[in-house]
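Comments concern the structure below.
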Amino acid sequence: MNIGSRPDRSAADVAAVMFGGLRGLVPVQLREELCSEAEMICISVTLLEKITSSLTAQSLPIQLTLYSEEVLRVLFGDMNLMEQLVSVPYCSDQIISHLAAKCASGMVCPCWQKKCTQAFHSSSPGTELDACLWSVTEVLRKTLKESQQGKTRILGKLLDTFDCSLCALCSKLLPEKNEECLDSFTHSRHWGTTMCLLLDLLEVLSTSSLTRGTRVCLKSQRITYIRSAALLTMISCSSEGFVKKRALLLLKRTVLEKVGEDWALGEVLSSGLKYENFGSDMSMLAQSVLTAVANNWLDSVQVEPAAFFGGIRCTKMMGDEGQKPDCVMLRAVSLIVLKSIELHIQTTGADGATEVDGHLQSLWGFLRRYCNQLTEVTHLCCWISLLFGEQDDDMMEAAKAALSIFLSHRLHSGLDDGAAFAAACASGCNPHCHFVLLLQSVSFDHSILLDFLISVETCFLEYFLRYLKYLRDNWQSFIAACGGISVSGCDSSLQQVSLAPEVRLVEYDSSDESDPDNTEGSDVGPRTSGLSVSIRQTQNELPAVTFETLAKTVFCLSELREVVTRLHTKKLFPYNPSALLKLLEQVENSYKQSRATLQ
């Protein structure tokens, strides 16, 4: 047989040998060579991967292309290889698992597409549907990671191929009517696995809608938004904790616009202009959440005790005989509700502002059922630091959303500053309190704020700039917040979740080593020295507890301004901080002006 020509064996014979090999069956002609079952599986998977990758790359001569397509047609059509292939990655042999995963994620061929499409249209939860969901997810994820123009075209073709069948599948597994939630699918022993695989696929589809250059999306790419009400119902109805948790995390990433963040390349995702229906889709998601909250959805959400890596061993709270709830779920629910309130107010204006308090009170009631610390504090503004203290990125998202809710509500409510301040504390959304509690949790260490400023893992810069603008114009209410926090009991509660001040991304003191004018002990510059005099003059004008918190805050911000200035002067700061430095200076000036009014 000549190289590149059609093999002598028929395509059906080759397919039969490969299918048997994937099941660990060793052909008679290889038994004398003592070929093991594992080796036979590896040979068969490797050959299958070679065939599919060659067809995808269009690197074979025409005769071999036709022959290879016939082999795959027999394997995936007549022999139903897909179910067998996808079961291989879950075996205990890591080499076989790796080869099978690599093979399945590279099969972009007509027979594979047809098989998956048929399964989506007609299959119930089970191994066949699971195999197709897993395979399509891997192919789409792999294609999304490769941002070349050719791959973008392949992605578009794949999405178009599966659009109708995926929409049909989700209509069946995520029904719109609540009473259909507990149908026969839910009671299937495969339902939990199938739903987790579907949720993985929904995240990949949502990620594909946010890729650069996407202006019009298919319906399947928007399923998470369109079926958000059904997802919320599934969370409240499902008895399987891992399904609820997976669905909550999907909704959380969606509402935070962070789908695919863990695996998609940064240059693939668009951070600017979104597809044309994006705004309405986010509004739809927010409305679904708030409608559910208004209908007591939070009362039906059960949060299981925290477990180790999905296991059954539960953690216990320190000094408490009870079991600690899964804080990942509590944070997810909180962010979903907070961001939905924020989006709703931005969309509806004054009409949405009147509903804020009811939604927030529902959230506080939910959290108090599971978080003992929240039942012990009298100041609701402590909740962000208490719940999110161990998770920086989520804490910043919660603080940013709460700030946006406060500013929008203040704008549309017509309340004066004093009344708005009191109402904000009563609802747990006073931005001054959140900021001071954040500073307390990091021991008023300006270098940790600097870590946050240069980190790309949190939205701290966006939150910080917006808060400083508010602080600049509302210094008197900030002084009141300092006093309110000092007597609220939040300090003792925060001791359990405070961040270690010694943890650093970079040791910033080293930035001064090349400065000949900088000597040991001169961290506080002349401006800060002058500010310290101003602070001491305020000491007799305020209660002691208020003065202490105020002084620590002012010094922290002033020290932050100085170190950012030094780094920027030496071209060591990663971006232009001019706007930040201007705001920090304006905040200092606001403090000095407010001190003058006290005298």
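The values are calculated or read from the model by the stated rules, or taken from the named source; none is laboratory data. These figures come from a predicted structure and were not determined experimentally. Positions of Cβ are generated from backbone atoms using ideal geometry, with glycine treated the same way; all protein chains shown enter the neighbour counts. Quick note on the areas: whole protein, heavy atoms, side chains included, nothing else; ligands and nucleic acids left out. Shrake-Rupley method; radii C 1.70, N 1.55, O 1.52, S 1.80 Å.
Structure data summary
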| item | result |
| --- | --- |
| Flag if VAL442 is open to solvent by less than 50 Å² (accessible area, probe 1.4 Å) and under 26 Å from the mean Cα position of the chain (by Cα) | yes |
| Failed criterion for ALA481 (all others in (1) closer than 14 Å to THR553 by Cβ; (2) at pLDDT below 95; (3) open to solvent by 20 Å² or more (accessible area, probe 1.4 Å) hold) | (3) |
| Cβ pairs under 7 Å, 6+ apart, first in the range 65-85 and closer than 15 Å to ASP130 by Cβ and open to solvent by less than 50 Å² (accessible area, probe 1.4 Å), second in a helix (DSSP H, G or I) and among the polar types (S, T, N, Q) | MET82/SER135 |
| Matching residues in the range 203-233 - criterion: being within 24 Å of ARG331 (Cα to Cα), part of a helix (DSSP H, G or I) and touching a Leu at 6+ places or on another chain (Cβ under 7 Å) | GLU203, VAL204, THR207, ILE223, THR224, TYR225, SER228, ALA230, LEU231 |
| For ALA422: the one exception among (1) part of a helix (DSSP H, G or I); (2) touching a residue at least 12 places away in the same chain (Cβ under 8 Å) | (2) |
| Residue, least open to solvent (accessible area, probe 1.4 Å), within the range 4-25, restricted to residues that are modelled with pLDDT under 85 and either part of a loop (DSSP other than H, G, I, E, B) or under 24 Å from PRO61 (Cβ atoms) (or both) | GLY24 |
| Those residues of the range 370-413 which are more than 24 Å from the chain's Cα centre (by Cα), modelled with pLDDT under 90 and among the hydrophobic types (A, V, I, L, M, F, W, C), in sequence order | LEU374, VAL377, LEU380, LEU411 |
| Enumeration of residues in the range 118-144 that are surrounded by fewer than 19 Cβ atoms within 10 Å (Cβ to Cβ) and at pLDDT 85 or above | GLN118, HIS121, SER122 |
| Residue tally, condition surrounded by 15 or more Cβ atoms within 10 Å (Cβ to Cβ) and either part of a helix (DSSP H, G or I) or at pLDDT 85 or above (or both), over the range 145-155 | 4 |
| Residues of the range 223-241 classified as surrounded by 20 or more Cβ atoms within 10 Å (Cβ to Cβ), touching a Cys at 6+ places or on another chain (Cβ under 7 Å) and either of a type outside the set (Ser, Thr, Tyr) or within 12 Å of MET284 (Cβ to Cβ) (or both), total | 3 |
| Single residue of the range 331-386 satisfying the filter (of a type in the set (Ser, Thr, Tyr) and either outside any helix (DSSP H, G or I) or open to solvent by 10 Å² or more (accessible area, probe 1.4 Å) (or both)) that is nearest to VAL303 (Cα to Cα) | TYR370 |
